[in-house]
Ligand code: RIB
């Protein structure tokens, strides 16, 4: 612990997001004239690190950028948000990851990631950063960095007594052993179906995935809220109704807030309420990291509502 702030270790991607607003998404082969262009710091890993830090966690980030201007900007941004970025390494062999994003008039997005340096992270790099896990309560990873690095992180986290969370995004098939390396799995409904290998209602999917190892499975359901299966018990959380400007990083706000809440050892219903509120607030603002709420904003948003 760092004073009263519980420690969260985040392993994951750092990307510079290159964002164009469009009225609607193009058809295959179609050229569209878009609206404004902007760059925002992003990457699922860095977004979740910043989300947890803004809500009060002591966050240590593990990841890799290129030796270039985007990489330096992303690391400087993490530091401004009080994230310990001393274990974000710099590769001279690959550029910093970028995400090409279009956001339509409804705030929905299409995202294509060029992983760059994120894809060069490996298990050895994580094993040599084992000091990062000392005193950690929660570990979070996603799937924008190679799986062997993610699994090395989960092993180190469990060895240190931390709760290991996997946000399995973007979705990929995972072996039973890989899923069993985590205590908490967070996915959206389509990711859950991909992991389970079939479509079904969220509770059925959660039960099926929980049988593979995680003691808690959380499925985010967009406008239908979220469902968590924790030690066999179902908790449901309704969505907050907000005007959606840009949904980019709403899922990362959810995961970062959940990680911070579990590190603070609040109850699951409270953790789900905070995570859903963070996701809702992120939808109301443009960009990935600029959209992530801080603790005061989250408290003010929740006060009249729960
Ligand atoms: O979840 C949103 C993030 O996905 C973006 O910031 C982009 O970089 C991609 O990683």
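The values are calculated or read from the model by the stated rules, or taken from the named source; none is laboratory data. Model, not experiment: these values are computed from the prediction. Neighbour counts run over all protein chains shown; Cβ positions are idealised from the backbone, glycine included.
A few comments on the model shown:
- Residue check, residue 278 touching a residue at least 12 places away in the same chain (Cβ under 8 Å), within 14 Å of the ligand (Cβ to nearest atom) and not in a loop (DSSP other than H, G, I, E, B): yes
- Selection from the range 262-288 of residues that are touching a strand residue (DSSP E or B) at 6+ places or on another chain (Cβ under 9 Å) and over 25 Å from residue 101 (Cβ atoms): 262, 263, 264, 265, 268, 269, 271, 272, 273
- Selection count where residues are touching a residue at least 60 places away in the same chain (Cβ under 8 Å) and in a helix (DSSP H, G or I), scope the range 121-133: 4
- Of all residues in the range 117-156 being surrounded by fewer than 24 Cβ atoms within 10 Å (Cβ to Cβ) and within 13 Å of the ligand (Cβ to nearest atom), the one that is farthest from residue 177 (Cα to Cα): 119
- Identity of the residue in the range 27-59, touching a residue at least 40 places away in the same chain (Cβ under 8 Å) and part of a loop (DSSP other than H, G, I, E, B), that ends up nearest to the ligand (Cβ to nearest atom): 43
- Any hit, the range 198-216, residues being within 16 Å of the chain's Cα centre (by Cα) and under 24 Å from residue 157 (Cβ atoms): no
- The listed residues are 75, 103, 65, and the only one of them that is crowded, with 21+ Cβ neighbours inside 10 Å, in contact with a helix residue (DSSP H, G or I) (Cβ under 8 Å, 6 or more places away or on another chain) and modelled with pLDDT of 95 or more turns out to be 65.
- Selection within the range 218-246 - surrounded by fewer than 19 Cβ atoms within 10 Å (Cβ to Cβ) and within 16 Å of the ligand (Cβ to nearest atom): 222, 244, 245
- Positions within the range 134-157 being part of a helix (DSSP H, G or I) and in contact with a strand residue (DSSP E or B) (Cβ under 6 Å, 6 or more places away or on another chain), in sequence order: 150, 153, 154, 157
- Leading residue by the ranking (farthest from the ligand (Cβ to nearest atom)) among those in the range 102-116 that are under 17 Å from the mean Cα position of the chain (by Cα) and either in contact (Cβ under 8 Å) with a residue 60 or more places away in the chain or not in a strand (DSSP E or B) (or both): 110
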